[in-house]
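Here the structure comes first, spelled out in structure tokens, and everything after it is commentary.
The values are calculated or read from the model by the stated rules, or taken from the named source; none is laboratory data. Model, not experiment: these values are computed from the prediction. Cβ placement follows ideal geometry from the backbone for every residue including glycine, while neighbour counts extend to all protein chains displayed.
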Amino acid sequence: MNKRPQQATVLSLWLKAQGMTRVEFAKRVGCNKKMVDYWCAGRCVPTLAYAFMIEKVTKGGVSASVWLGTAVGQQQWKLIEDRARAI
């Protein structure tokens, strides 16, 4: 069964795996912590510009495609999920 990636979970897992706070991530992305909280909670998705900035800041760890639910996003979800389990 293919599970659609949950973009909020992917970002949350990436932050946890990196040991990065939401405040630090927000500074790197150029937004405030409240926006990162919303993204991590799945209350909203980032704009395309922020999605690409997230991809840049995470060095591809959370690609812009994750927010679109594409096949690439599903593969990335699996990779991040596997890495998070290893922590």
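List of remarks:
- Filter pass, A84 being touching a Cys at 6+ places or on another chain (Cβ under 9 Å) and modelled with pLDDT under 75: no
- Scope the range 39-49; condition under 11 Å from the mean Cα position of the chain (by Cα) and either surrounded by 20 or more Cβ atoms within 10 Å (Cβ to Cβ) or not small (G, A, S) (or both); matching residues: W39, C40, V45, P46
- For beta carbons closer than 6 Å, sequence separation of 6+ or different chains, a first residue in the range 42-69 that is farther than 18 Å from K27 by Cα and a second that is modelled with pLDDT of 85 or more and among the hydroxyl-bearing types (S, T, Y), the qualifying pairs are C44/Y38.
- Scanning the range 50-70 for residues that are crowded, with 17+ Cβ neighbours inside 10 Å, modelled with pLDDT under 90 and in a helix (DSSP H, G or I) yields A64, S65, V66, W67.
- Screening V23 on (1) surrounded by 15 or more Cβ atoms within 10 Å (Cβ to Cβ); (2) at pLDDT 90 or above; (3) part of a helix (DSSP H, G or I); (4) not basic (K, R) shows it passes everything except condition (1).
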